[in-house]
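Quick notes on the structure that follows.
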Amino acid sequence: MTESDRELSAMVQEIWDNDVNRLQPGKDYRISLQGKAGDSMGINDNNDGAGYPLFTFVDENIFKKETFLAFISLLDNYESDTGKPEIVTPEEVAENHKFLDLIIQTPTMKIAHKYLVEKHLSPEDETQFKEQLYRIWFELYARRGSSRPDSSGFEHVFVGETRGGRTVIGFHNWIQLYLQEKLGHVDYKGYSVSEKSPQPDENKHILALQFSWKDGIKPKGSIFIGVSPEFEFALYTLCFLVSPNERVKVQFSLYDVDIVCHHYNQKHIGTTYPVLLRYRTSA
């Protein structure tokens with residue numbers, strides 16, 4: 001690891017340690033990994049490695065916490081198909097601001113903000129910092145093949161999008177996955193492993209998986225499970241602003257992870273998600 005990776009890892013560890021709203025596997029939620037997903041891109045059930053939902057239990061009292069409530073209120077604000085322009089209502093703008101107001105006050109975002117100020121990457125003034133977060137995550141831009149603003153970092157990463165109706169892109173958030181699965185819009189197809197990645201573990205917080213959503217398929221996605229919205233916001237914002245690289249290595253808790261973070265015009269997040277490299281023997 002480079003010195004900057006080590007420094008960032010120390011920061012991520014601090015954010016992790018202060019994620020007071022993180023759920024505990026086996027207590028606050030349970031998942032059922034079942035089988036390995038097939039390699040097919042199709043939606044037929046012949047390659048379905050899982051006959052049952054991924055989530056077998058989630059304590060929904062967690063969703064009454066302020067940041068979770070505000071986060072969930074944003075999930076229905078988007079048009080999933082790329083190419084269709086987003087119409088953002090004043091109510092939706094207000095919801096975005098409310099969410100940012102709440103997460104800026106959490107321990108995870110306070111730690112991230114302090115570090116970014118020290119590195120001269122973010123303004124110290126809280127209002128200006130919030131404006132920076134708004135631009136990175138919520139400002140609309142045109143995705144590939146579209147001439148009009150049809151996407152944002154938040155929509156892509158946390159809500160998910162469809163391309164051509166058949167392919168799911170983005171969608172790297174466990175809360176959205178759980179809620180959509182509960183509504184019957186998501187069909188979990190099994191976990192994904194490569195030769196280099198470790199076997200997934202139902203009691204760990206990172207999972208690569210395959211699923212269908214609406215009429216599209218996500219052949220392989222990778223997500224944190226059970227973490228709070230403010231943890232992901234803090235982590236991904238840090239990686240976006242600290243590193244010009246598209247992959248940042250971090251080690252924290254039990255995990256050795258690449259955070260993939262694609263910039264869009266250097267102003268917005270194109271996509272970002274974790275890739276589990278290995279479990280660490282000593283946390």
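The values are calculated or read from the model by the stated rules, or taken from the named source; none is laboratory data. This is a predicted model, so every value here is computed, not measured. Cβ: placed from backbone, ideal geometry, glycine included. Neighbour counts: every protein chain shown. SASA here: full protein model, heavy atoms, side chains in, ligands and nucleic acids out. Shrake-Rupley method; radii C 1.70, N 1.55, O 1.52, S 1.80 Å.
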Checklist entry - Among (1) hydroxyl-bearing (Ser, Thr, Tyr); (2) in contact (Cβ under 8 Å) with a residue 40 or more places away in the chain; (3) open to solvent by 10 Å² or more (accessible area, probe 1.4 Å), where does Ser228 come up short? => result (3)
Item to check | Set Phe171, Phe129, Phe154: member being part of a loop (DSSP other than H, G, I, E, B), hydrophobic (A, V, I, L, M, F, W, C) and open to solvent by less than 20 Å² (accessible area, probe 1.4 Å) | outcome: Phe171
Checklist entry - Among all residue pairs at least 6 apart or on different chains, which show Cβ distances below 7 Å where the first residue, located in the stretch 122-138, is free of Cβ contacts under 8 Å to residues at least 12 places away in the same chain and the second is assigned to a helix (DSSP H, G or I) and of a type in the set (S, T, N, Q)? => result Pro123/Gln132
Checklist entry - If we scan the stretch 264-274, do we find a residue that is open to solvent by less than 10 Å² (accessible area, probe 1.4 Å) and part of a loop (DSSP other than H, G, I, E, B)? => result no
Checklist outcome for this item: Ser151 fails exactly one of (1) modelled with pLDDT of 90 or more; (2) under 29 Å from Leu241 (Cα atoms), namely (1)
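So which of Glu230, Glu195 is at pLDDT 95 or above, over 16 Å from His156 (Cα atoms) and charged (D, E, K, R)?
On the way: Glu195 fails: at pLDDT 95 or above.
Exactly one residue qualifies, and that residue is Glu230.
Test of understanding: among Lys214, Lys189, Lys204, which residue is closer than 15 Å to Asp76 by Cα and either open to solvent by 40 Å² or more (accessible area, probe 1.4 Å) or in contact with a strand residue (DSSP E or B) (Cβ under 9 Å, 6 or more places away or on another chain) (or both)? Spell out how you get there, then give the answer.
On the way: Lys189 fails: closer than 15 Å to Asp76 by Cα; Lys204 fails: closer than 15 Å to Asp76 by Cα.
Only one candidate passes the filter, namely Lys214.
Would you confirm whether or not the stretch 236-255 contains a residue that is acidic (Asp, Glu), within 22 Å of Gly26 (Cα to Cα) and open to solvent by 10 Å² or more (accessible area, probe 1.4 Å)? Walk me through it before giving the result.
First, pick out the residues of the stretch 236-255 that are acidic (Asp, Glu): 246.
Then keep just the ones that are within 22 Å of Gly26 (Cα to Cα); that gives none.
Scanning the stretch 236-255, I find no residue that is acidic (Asp, Glu), within 22 Å of Gly26 (Cα to Cα) and open to solvent by 10 Å² or more (accessible area, probe 1.4 Å), so the answer is no.
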